[in-house]
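*Asks:* Here's a structure for you.
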Amino acid sequence: MSSYKGLDPEQRQRNAAAVKKAMLDRFRAASENPDAAKRRAARAAVNEARLVRIAKREAANMVRKAELAEQAARAAALALQAEREAEKAEALIATERAERAALLEAEQKAARDIRYAARKAAKKERRRGY
């Protein structure tokens with residue numbers, strides 16, 4: 001059997017250089033192709049359109065967030081106003097209850113005083129003997 005005799009180093013370098021030159025020529029030809037330029041331009045246009053859509057979407061989101069914040073502020077103001085009105089109503093009810101309690105207490109005291117005076121008068125009358 002004969003042994004494999006590879007290429008000498010100079011031949012390998014020449015082959016590698018030729019392959020590199022062929023790849024470079026193919027790349028240059030592809031970059032100078034007018035169809036490739038059209039595809040790049042179309043891709044750039046699509047990218048620009050995408051960026052415009054993204055910017056519009058972000059602007060719409062900002063507007064929506066601002067509207068939601070405004071609605072939340074209005075709701076908070078209405079809740080605060082409702083809470084204040086409820087507190088006023090509770091204070092009014094508490095005042096009315098206190099007035100009714102004081103009036104009832106005064107009526108009960110007056111009735112008690114009348115009964116007390118009647119008992120005293122009856123006791124006095126019994127002692128006199130009339």
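*Asks:* Any chance the stretch 10-30 includes a residue that's part of a helix (DSSP H, G or I), surrounded by 10 or more Cβ atoms within 10 Å (Cβ to Cβ), of a type in the set (D, E) and at pLDDT 95 or above?
*Replies:* No, the stretch 10-30 has no match at all.
*Asks:* Answer with yes or no whether K88 is surrounded by 10 or more Cβ atoms within 10 Å (Cβ to Cβ), basic (K, R) and modelled with pLDDT under 95.
*Replies:* no
*Asks:* Test E125 against the criterion of being surrounded by 10 or more Cβ atoms within 10 Å (Cβ to Cβ), assigned to a helix (DSSP H, G or I) and modelled with pLDDT under 95, and give yes or no.
*Replies:* Criteria met by E125.
*Asks:* Right, another one. Quickly run through the stretch 31-67 and pick out the residues that are surrounded by 10 or more Cβ atoms within 10 Å (Cβ to Cβ) and assigned to a loop (DSSP other than H, G, I, E, B).
*Replies:* N33 - this is the single residue of the stretch 31-67 that is surrounded by 10 or more Cβ atoms within 10 Å (Cβ to Cβ) and assigned to a loop (DSSP other than H, G, I, E, B).
The values are calculated or read from the model by the stated rules, or taken from the named source; none is laboratory data. Note that this is a predicted model, so its numbers are computed, not measured. When we count neighbours, we look across all protein chains shown, and the Cβ atoms used for this are built from the backbone with ideal geometry, even at glycine.
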